[in-house]
Amino acid sequence: MCGIAGIIYRDGAHDIGRDMTRMLQSMKHRGPDSTGYALYGPTADDVVMRFKLADANDPRDFEFEERLQRNRAEVEGRLRALGARLEDIEVETDYAFRARLRYSGDLKRLADYVEDVPGCEVLSLGHSLEIVKDLGDAETVSQQYRLERFAGTHAIGHVRMATESDVDISGAHPYWAYPFSDVAVVHNGQLTNYFHWKRRLERAGHRFQSECDSEIIAVYLAEKMSGGMDLEAAMRQSMEDLDGVFTYICVTEDALGVAKDEMAAKPLVLYEGEDMVALASEEIAIRAVIDHEIDTYDPYEGEVLVWKR
């Protein structure tokens, strides 16, 4: 099961958190275990880091609170040690945080150093991208992280039914393309050459926080783009290199793209208007954010489509 969705506006910022919540909540039946968002706000000089220090399932006791405070202080100390100026840090839940930094150094070095803190996982790091994911349906996660007020230009999202791994935040989608700034992916399907690409990318120096093939797609695409390809070229190359049955959506700082494998077995419905494009596993998700009659269509097998904001 699972459901994926994407939306991109071409006429400036909208209430992207609200819109993505409506799209994902309409597909709650496809995956009630967890919900995730990759949201793109205005590009800024500051770096935003979303990270967690525990999981929603961890038992709450005195030791939990003590460990959390100690590890948060360690994260902040490590950020400063690398020359990052901590402008602001928001406590989203008792285990999830949003830090705004002034930092001009290497993002990989920063992420690796911070993730050496026990229990720390960097969910996203960039000048525009913010990944939010947690257990529960879209309305629950949106309320928890106050996403109704998030304004931006484009976003992707995922509702998950856990079939092959635990119900936890680390197994939830989307995935940031560590260590590349502002690239994320959601995906419905399965890569049959997952281990081939995981080993190959690990040998190139990348680390993976999950056993999910969506994370492989994100890093694969980001690495191709770092080598000079644009998003569309990287996605077209992925159709040659990645085996399996899949539909995925990739987002960068200024674009959104979708790809379907040559069998086109995983559903996706698309609407394209003058000012916006919306796509999802089911048409009901698109109609959740459009208040007039529309025509939709299914991308063809093996098709790659990209839109710029």
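What to note about this one:
- Within the full protein context, the accessible area of TYR9 is estimated at about 20 Å² for a probe radius of 1.4 Å.
- Heavy-atom accessible area order for GLU65, GLU92, largest first, 1.4 Å probe: GLU65, GLU92
- Distance cut-off 25 Å, percentage of C-alpha pairs in region 1-150 lying past it: 34 percent
- Expected 222 nm ellipticity per residue - DSSP helices of 4 or more, -39500 (n - 2.57), all of the chain, to 500: -8500 deg cm²/dmol
- Region 156-214 shape via C-alpha gyration tensor axes, a/c threshold 1.5: oblate
- Per residue, the convex hull volume that the Cα atoms of region 70-208 enclose (Å³): 133 Å³
- Measuring only protein heavy atoms, the 1.4 Å probe finds THR35 accessible over about 0 Å².
- Cα shape, region 126-227, gyration tensor, a/c 1.5 rule: oblate
- With K and R counted +1 and D and E -1, the other residues having a Cβ less than 13 Å from that of HIS196 yield a net charge of 0.
- Over the chain, Cα pairs under 8 Å with separation of 6+ residues give a relative contact order of 26 percent.
- Volume per residue for the chain equals 121 cubic angstrom (convex hull of Cα atoms).
- Tensor-based shape of region 229-271 (alpha-carbon gyration tensor, a/c under 1.5 rounded, otherwise prolate or oblate): oblate
The values are calculated or read from the model by the stated rules, or taken from the named source; none is laboratory data. Since we're looking at a predicted model, the values are computed, not measured. Every residue, glycine as well, gets a Cβ built from its backbone with ideal geometry; the counts of neighbours run over all protein chains shown. Just so you know, the surface numbers come from the protein's heavy atoms only, side chains and all, with ligands and any DNA or RNA stripped out. Shrake-Rupley method; radii C 1.70, N 1.55, O 1.52, S 1.80 Å.
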